[in-house]
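Notes for the one structure printed next.
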Amino acid sequence: MKKLRAIDLTYGAVFVCLMTIGANITVWFPFLAVPIGGASVPLSLQTFFAILAGLMLGRKLGTISIITYIFVGLAGVPVFAGLTGGPMALVSPTGGFIISFIFVAFFTGWIADKMKKESFPRYLGISIIGLVLNYSIGVSYMYAAMNLWLEIPITFGLAWAGMIPFLVKDAAMAGLAAMFMTGAARRISASLSRV
């Protein structure tokens with residue numbers, strides 16, 4: 001197993017910060033919250049940054065970065081949406097999305113690590129896989145949370161329907177991640193291998 005270098009830890013720490021910023025973008029821009037069922041659900045950039053963590057840092061470092069972000073939040077540091085922290089974030093209906101970021105970073109990083117040639121269609125395909133993982137885990141968890149421990153009866157279809165505005169936004173952000181990586185891939189890989 002390759003040892004982590006100081007530059008690796010720095011890149012990982014940057015993604016911990018980016019995930020925090022992505023979770024709390026509506027703190028600074030409140031109009032980015034979407035009303036759903038009497039509650040206001042904030043839009044976030046976390047899916048975008050989790051996909052980028054895998055694409056830019058690879059499977060190992062991208063996953064470590066996301067796990068670090070989650071542990072920082074679980075320790076009580078206000079890094080989750082709405083500047084909250086603590087273990088209750090994972091029990092909430094959106095806790096599955098937080099957990100899913102680990103799988104998003106791992107699988108997008110794993111596929112990107114195996115990629116022989118960088119191109120926009122390949123990065124887009126990887127980003128879409130990350131998006132599908134994010135929503136499959138997140139919506140399934142939300143459905144279970146609402147029905148089991150919150151005792152709010154909701155159908156699986158209704159759970160998915162409520163996520164459409166977020167899915168559209170995150171699909172656009174997945175395309176943006178692919179475009180960003182297409183332009184930055186050579187510079188990033190050269191920077192990581194050189195140091």
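The values are calculated or read from the model by the stated rules, or taken from the named source; none is laboratory data. Please read all numbers here as calculations on a predicted model, not as lab measurements. Here the Cβ is made from the backbone with ideal geometry for all residues, glycine too, and neighbour counts use every protein chain on show.
Listed values, structure above:
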quantity	calculated
Residues within the range 147-165 that are in a loop (DSSP other than H, G, I, E, B) and more than 24 Å from the chain's Cα centre (by Cα), tallied	8
Pairs, first of a type in the set (Lys, Arg) in the range 158-179, second outside any helix (DSSP H, G or I) and buried (at least 16 other Cβ atoms within 10 Å of the Cβ), C-beta under 7 Å, six or more apart	LYS169/LEU43
From ALA190, ALA161, ALA172, ALA177, residue being crowded, with 16+ Cβ neighbours inside 10 Å and modelled with pLDDT under 95	ALA177
Test: residue in the range 99-106 that is over 25 Å from LEU32 (Cα atoms), over 17 Å from the mean Cα position of the chain (by Cα) and part of a helix (DSSP H, G or I)	no
In the range 108-128, the residues that are free of Cβ contacts under 8 Å to residues at least 60 places away in the same chain and within 12 Å of the chain's Cα centre (by Cα)	THR108
